[in-house]
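> Sharing a structure, written as structure tokens. Questions coming.
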Amino acid sequence: MITFDGVTKRYADGTVAVDNLSLEAASGTITVFVGPSGCGKTTSLRMINRMIDATQGRILLDGQDVKQIEPSTLRRGIGYVIQQAGLFPHRRIVDNIATVPYLLGWDRKKARARAMELLERVGLDAKLARRYPFQLSGGQQQRVGVARALAADPPVLLMDEPFSAVDPIVRMSLQEELLRLQSELHKTIVFVTHDIDEAVKLGDTVAVFRVGGHLAQFSDPATLLSE
Ligand code: ADP
Ligand code: ADP
């Protein structure tokens, strides 16, 4: 479980991006942060893996303050997926997916075998393993981004608008793939989007942010739609 306990983030220039946020993202579920641009979704997400630190309040991972977790342990336990996949352009797909296992010092053979297994998991043909990122479509690159985030089998996955840059048809299939994957893997996922339809489709729980970094609503999608 991920707990935000009265979390505020004030940037150096005085901007309050997140204002006294308290919520719980239950283990094994998808919690979606949704709201207009600039309302503090990305800031909130990045405070979980400490790319950014909160100014006030605490974020707990299964009851432990993230500031008390050793940074390498924290990063190893949290996969991170961003909008433009962020793949290394000069590395083959198989090596992109195996990035974290390599860093963790896995045997190269084992790391590559893991990458090949994940390639299949995210619905890509094994033949793509030897290609470079520019030889893949945007949708395929996003799948690789998801595979890379899953490589060390982290319990938590943070996803920041992962499907926003692809066309609507591809986005739909990526969303369905994510739900299928989640039904097998039961990760604790926090998913950021500005698209309410996507939030309702993917979220077990939806946190609606409004400008100023306030939480406007926090509920399951059905309740959200009926209000
Ligand atoms: P969202 O993800 O909802 O679009 P962000 O978390 O990116 O929102 O941004 C929230 C607010 O914080 C915005 O007003 C944004 O301009 C501001 N902000 C983001 N990063 C910084 C920064 N490094 N310095 C100052 N203000 C920032
Ligand atoms: P190196 O050790 O220099 O990476 P290898 O001979 O092991 O060289 O591999 C050559 C290239 O083939 C590597 O860059 C890697 O991307 C790719 N490769 C290696 N193993 C596999 C695999 N199991 N599936 C797909 N591609 C692979």
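Computed from the coordinates by the stated procedures, all read-outs in this text should not be read as laboratory data. As the structure is a computational prediction, the values presented were derived from the model and not from experiment. Neighbour counts are summed over all protein chains in view; Cβ atoms, including those assigned to glycine, are modelled from backbone coordinates with ideal geometry.
> Order by neighbour count: Glu117, Glu177, Glu70, fewest other Cβ atoms within 10 Å first, most last. Show your work: numbers first, answer last.
Numbers: Glu117 14, Glu177 18, Glu70 8.
The order, fewest Cβ neighbours first, is Glu70, Glu117, Glu177.
> Which value in nm describes the separation of the simple spin-label points at Asp204 and Ser72, placed 7 Å from the Cα toward the beta carbon?
For the pair Asp204/Ser72, the computed spacing is 3.2 nm.
> How large is the charge dipole for the chain, taken about the Cα centre, if only the Cβ atoms of Lys, Arg (+1) and Asp, Glu (-1) carry charge, to the nearest 20 debye?
Values: 27 positive and 26 negative charges, 237 e Å.
Once rounded to the nearest 20, the dipole reads 1140 debye.
> A further question on this structure: Scan around Phe209 for amide H atoms under 5 Å from its own, H built in the peptide plane at 1.01 Å from N, and keep only partners 5 or more places away or cross-chain.
Val34, Gly35, Ala216
> Determine the dipole magnitude for the stretch 153-225: charges of +1 sit on the beta-carbon of Lys and Arg, -1 on that of Asp and Glu, nothing else is charged, the reference point is the Cα centre, and the result goes in debye to the nearest 20.
Values: 5 positive and 12 negative charges, 40 e Å.
That gives a dipole near 180 debye.
> Give, in whole angstrom and from largest to smallest, the semi-axes √(5λ) of the equivalent ellipsoid of the chain, with λ running over the eigenvalues of the Cα gyration tensor. Please list the in-between numbers first.
Details: eigenvalues 172, 83, 48 Å².
Value: 29, 20, 16 Å, ordered largest first.
> Assigning unit charges at the beta carbon (Lys, Arg +1; Asp, Glu -1) and nothing else, what dipole magnitude in debye, to the nearest 20, does the stretch 78-168 show about its Cα centre?
Numbers: 13 positive and 9 negative charges, 108 e Å.
That gives the stretch 78-168 a dipole magnitude of about 520 debye.
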